[in-house]
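Quick note: the coordinates plus some simple rules give every number you see, no bench work behind them. All values reported here derive from a predicted model rather than from experimental measurement. Note that we place each Cβ from the backbone using ideal geometry, even for glycine, and neighbour counts take in every protein chain shown.
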Amino acid sequence: NAGVTQTPKFRVLKTGQSMTLLCAQDMNHEYMYWYRQDPGMGLRLIHYSVGEGTTAKGEVPDGYNVSRLKKQNFLLGLESAAPSQTSVYFCASREAGTANYGYTFGSGTRLTVV
Amino acid sequence: QKEVEQDPGPLSVPEGAIVSLNCTYSNSAFQYFMWYRQYSRKGPELLMYTYSSGNKEDGRFTAQVDKSSKYISLFIRDSQPSDSATYLCAMRPMNRDDKIIFGKGTRLHILP
């Protein structure tokens, strides 16, 4: 049972380059999320999805786009990377319904934009 | 006032001590409360969860919720060096199934 898998684990980008971060979960979870984590800022929600084909903006969506074409995958895109997007990115998922409390997180992607 | 406040620490305690970690919140609609543990360079993992007010115990860990004071706590008994991590509180309201609000986390060091 792999849980939530993020690829790649590390990446260095030059300013202006684009890239896609992939999140895959094998738990048949409805909800998926992309967070960034920065020192002193905690976890900040970028975008999320409550089901296949749906996406919604979180707290810090600017400069990012997402797609959820398949239930098990949630992609985060950076069209033109900026140094301010240097961060650790976490994907998370959970089942729908009020009885399900917490997220399952991936192990993160460390992104540096130079 | 931020929705969830958590002292960032670091908090350093000797091995074997009782650790108390806390969060305050402002939204009275929060009903589900969670604690996550995050080791360095890893993703957060769900440690404890409680619904509404009260206590919940799991081994050396006790989660406590006081909704009247809008205050939640995590107690760790007989602390071990392996408990050294960042602890994040998290919570969500009954009517918002889609998003969880996180505290910024408290860094905990257990000194051998």
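What the table below lists for this structure:
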{"read-out": "Subset of segment B:21-74 [farther than 21 Å from residue A:104 by Cα, surrounded by fewer than 16 Cβ atoms within 10 Å (Cβ to Cβ) and hydroxyl-bearing (Ser, Thr, Tyr)]", "value": "B:26, B:28, B:52, B:53, B:68, B:69, B:71"}
{"read-out": "Residue that is farthest from the chain's Cα centre (by Cα), among those in segment A:4-61 that are closer than 22 Å to residue B:91 by Cβ and aromatic (Phe, Trp, Tyr)", "value": "A:31"}
{"read-out": "Counted residues, segment A:62-114 - those being of a type in the set (Phe, Trp, Tyr) and at the interface with chain B (Cβ under 8 Å from one of its Cβ atoms)", "value": "4"}
